[in-house]
Amino acid sequence: MKKSIIFCLFAAFGGWLFGYDIGYISGCLIMPDFIHQIQGPDATAITSHNQSIITSLLSAGTFFGAILQAFTSDRLGRKGSILFWSVIFTIGVVVQVSTFGLAQLTAGRFVAGLGVGALSAIVPLYIGEAAPKKLRGTLLVLYQVQIISGLFLAYIVNLGTHHIANSASWRIPIGLQLIWGSVLMGGSLLLPESPRYLLGKGEEKKAIKAIAMLNDCGIEDKLTEEVLNEMSYAVKIENEGGKAGWLECFSTRSRMWKRTLNGCMVQFLQQLNGQNFYYYYGPVFFEAAGTGLDAYSIQAILGGISLVMVLPAMWTIEHVGRRKSLLIGSLGQAVCAIIAGLVGHFYTDVGGVSESKRQLGGNIMIAFAVFHVSLYSMFWGPTPWVLMGETFPLRVRSKCIALAAATNWLWNFLLSYFSPLIADDIGPLILLVFCGCLVFAFVYVFFMIPETRGISLEEVDELYRTKVHAWQSNSWVPSAQRNDTIEKMEGDPRPSESTYVPPQVTEKKVTEQHVENVPSE
């Protein structure tokens, strides 16, 4: 288990690139030397049009990168794909750090965005396939931990360099990404390939070695045999359907339409949680409360809160579960949004309000901003990535994850572009829009998202095939566990852990258990 944690930690470093790349640019946009470099020697600010271009080009790259990784993941493998897109990301950073104008900067951000978007899909894909089922949720949360860690570090670096009077103020934050790209490239060379991917390609010997490495045991160990047997049966069933195309992501086979919908919807709803509003308008809140903090300090504070609160998610994801995490987060954030929105409007955003009342409103908004960001970091920040990594069957996993990740980046772009414009018109009342989205998120999760903790990826497939209602999924038991319980009650226990189970016997047993669930074409 120790090795699987180390390997998944290396893979999750792709999230660090994701978070840092998003975090550093907001600080650079207001650095004097950066403004002069992009806008001209006499400029005091970058125009809103150019700001939109600079920020949106990354989002455009991430969208296309998330889609394109589906092709590299199936052709180069999960490990090879991580290496390939890490190189693409690093090339984009080199272009940015040597920037001498707007065109070069945006080109570099687009290329880096391709890498960031691809890695945002590949990393959950790899961890979901490589991690032992008891640790899968925790290790997938590592991805969100790395995102927030990278974001927080970017804010700290900006805070430390924005006083520099020359181009080092912004070239240092950009250039540090060369280190992150190099770490991920080096780490990817040490990763074992996904055993599920290897079995899908018919490379059983390599798959056995990968299973042994990920489970920290020998290739002849009983655990290796058990995991191999379980994966081999599932891969055999999936391969009987022939080569999978994109349309299968929306087919009735194994209820793929619902699984693809769920993957895309949780990513869409994650972006509609409203947490980004606090990052955009944090300075307004703190100014209303009379704190006197600058934008860099405010970003560092919110980033620190996000980092602290995402760490407990590594425990809650397995002990509270996926469904409850999303349900609790939806309700909690909805309450925060409606209170902060109404207080912000009536206490800070209308005329005739006394200074003391305005400061009180600012303090209340700060408090609920902290609560909102904390709940997001613990529940809705990591859980959609966990679900994305464990919801889809092997034959279409890379394609479905590509669609889900692309949905996240598409709405990231739309919200980052339109939210400030809407908020300029209605101010804090925009939080009521996010409140409505969070209420919808609660309803959607309750009726559509089943609980998947503690079961293997192959058993997740069975869960969807059995058409169990989402609100009843907590009590659902895989057929293998049900049969094991029945046999023990009848006094005919299955072989103990120390007994070797031949592959052909296991395959026959599992076939009998799942015959009613074999998908029809």
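The values are calculated or read from the model by the stated rules, or taken from the named source; none is laboratory data. Owing to the predicted nature of the structure, the values given are computational and were not obtained by experimental measurement. Positions of Cβ are generated from backbone atoms using ideal geometry, with glycine treated the same way; all protein chains shown enter the neighbour counts. The protein model used for the area step is the full one, side chains on, heavy atoms only, and it has no ligands, DNA or RNA in it. Shrake-Rupley method; radii C 1.70, N 1.55, O 1.52, S 1.80 Å.
Applying the criterion of being of a type in the set (Gly, Ala, Ser), within 19 Å of Ala405 (Cα to Cα) and part of a loop (DSSP other than H, G, I, E, B) to the residues of segment 245-274, the residue that is least open to solvent (accessible area, probe 1.4 Å) is Gly274.
Considering Ile67, Ile148, Ile82, Ile127, which residue is surrounded by fewer than 24 Cβ atoms within 10 Å (Cβ to Cβ), within 17 Å of the chain's Cα centre (by Cα) and in contact (Cβ under 8 Å) with a residue 24 or more places away in the chain?
Values: Ile148 fails: surrounded by fewer than 24 Cβ atoms within 10 Å (Cβ to Cβ); Ile82 fails: surrounded by fewer than 24 Cβ atoms within 10 Å (Cβ to Cβ); Ile127 fails: surrounded by fewer than 24 Cβ atoms within 10 Å (Cβ to Cβ).
Result: Ile67 is the single residue among Ile67, Ile148, Ile82, Ile127 that is surrounded by fewer than 24 Cβ atoms within 10 Å (Cβ to Cβ), within 17 Å of the chain's Cα centre (by Cα) and in contact (Cβ under 8 Å) with a residue 24 or more places away in the chain.
Which of the numbered conditions does Thr99 fail, given that it passes all the others? Conditions: (1) closer than 21 Å to Ala168 by Cβ; (2) open to solvent by 40 Å² or more (accessible area, probe 1.4 Å). Condition not satisfied by Thr99: (2). In this entry, Gly181 passes the filter for residues that are touching a residue at least 24 places away in the same chain (Cβ under 8 Å) and either surrounded by 16 or more Cβ atoms within 10 Å (Cβ to Cβ) or in contact with a Pro (Cβ under 6 Å, 6 or more places away or on another chain) (or both).
Which residue out of Phe71, Phe34, Phe7, Phe18 is in a helix (DSSP H, G or I) and touching a Phe, Trp or Tyr at 6+ places or on another chain (Cβ under 6 Å)? It would help to see each step written out before you state the result.
Numbers: Phe71 fails: touching a Phe, Trp or Tyr at 6+ places or on another chain (Cβ under 6 Å); Phe7 fails: touching a Phe, Trp or Tyr at 6+ places or on another chain (Cβ under 6 Å); Phe18 fails: touching a Phe, Trp or Tyr at 6+ places or on another chain (Cβ under 6 Å).
None of the other options fit; the residue is Phe34.
Among the residues in segment 116-123, are any more than 25 Å from Val141 (Cβ to Cβ) and either modelled with pLDDT of 90 or more or crowded, with 20+ Cβ neighbours inside 10 Å (or both)? So that I can check it myself, show each step before the final result.
Just the residues of segment 116-123 that are more than 25 Å from Val141 (Cβ to Cβ), to begin with: none.
The answer is no; no qualifying residue exists.
Among the residues in segment 22-37, are any without any contact (Cβ under 8 Å) to a residue 12 or more places away in the chain, surrounded by fewer than 17 Cβ atoms within 10 Å (Cβ to Cβ) and in contact with a helix residue (DSSP H, G or I) (Cβ under 6 Å, 6 or more places away or on another chain)? No.
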